[in-house]
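Below: the structure, in C-alpha cells.
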Amino acid sequence: MEKRSFSAFFRDYESIDGGYEFQMLAVAVQCDLKTILPMLYVDCATAPIDVILKASNRINLGKEQTEKLLRGHEHMIDYVRRYGINQFLPQHYCSMACSQARGTLLQNYVIIPPEFPIQRLLQNLGPHPDDDDPTDREAVCKSCTKLICEGLEGFRREIWESIPRLFDLGSWEDVKRD
C-alpha cells in the first residue's frame, strides 16, 4: 500500500477527470483479478455516495459490486470517525495545554474531516500538513504523541486485515491464493 501509485498506469494522470478507480474495478471484476480487488474496492468505497452511484451506473458495474461499495462506504465512514478518535485520544488526560490542543484538533477534524484519511493512514503518511493548525499539533506532549502513534499503528493493521472481508473476498490469504 505504501508504494502504490496510479500515476504509473495513466499517461496524463494529472488531467484525468476522475472515476478511473471505478473503471479499474470494473476491469478487475470482469477479469477476476482478485489480488487487486480489495484495494480497488477501498478506493471506490471512499468516494462520496453520489459519485459511487453515478460511476456504478455509468460503467454498468452491476448490482452486486455496487452493494459491496455501499456497504464498504459505510465501513469507511466508521473508520474515519474512529480514526479521529484514535488520532486525538480524547479519553487520555494529560496537561491542560495538551488536552486542549487534542480537543481542538478533534473538533476541527469533526467539523471539516480531511480528505482520504484512511488511505493516508494505510499508506503510513500521517495527517496531511494542511489538515490542522501546527500550533495545536505542537502542543500535544511527547507522551501523548507516542501513545497516539502506537494506537494508530494498531488501528492501521486492524483496517488492513479487515479490507478483504468488508467486500466479501475472504481474507488476504484467500485473495492471494485465488
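The values are calculated or read from the model by the stated rules, or taken from the named source; none is laboratory data. This structure is a prediction, so every number in the text was calculated from the model and none was measured. As a convention, Cβ positions derive from the backbone with ideal geometry for all residues, glycine included, and neighbour counts pool all protein chains shown. The accessibility values were calculated without ligands, DNA or RNA, using every heavy atom of the protein model including side chains. Shrake-Rupley method; radii C 1.70, N 1.55, O 1.52, S 1.80 Å.
Annotations
- In the complete set of protein chains, residue-level accessible area for residue 34 is approximately 60 Å², probe 1.4 angstrom.
- Using the 1.4 Å probe convention, the accessible area of segment 22-72 works out to 50 Å² per residue with neighbouring protein chains retained.
- Residue 157 contributes an accessible area of around 130 Å² to the protein surface, as traced by a 1.4 Å probe with all chains present.
- Figure note: 142, 54 ranked by solvent-accessible area, largest first, 1.4 Å probe, ligands and nucleic acids not counted: 142, 54.
- Debye, to nearest 20: dipole size of segment 76-178, +1 on Lys, Arg Cβ, -1 on Asp, Glu Cβ: 260
- Of 68/146; 63/176; 68/176, those spanning more than 27 Å from alpha-carbon to alpha-carbon: 68/146
- These residues, 35, 66, go from largest to smallest accessible area, 1.4 Å probe, as 35, 66.
- Carbon plus sulfur fraction of accessible area for segment 35-123, probe 1.4 Å, in percent: 60
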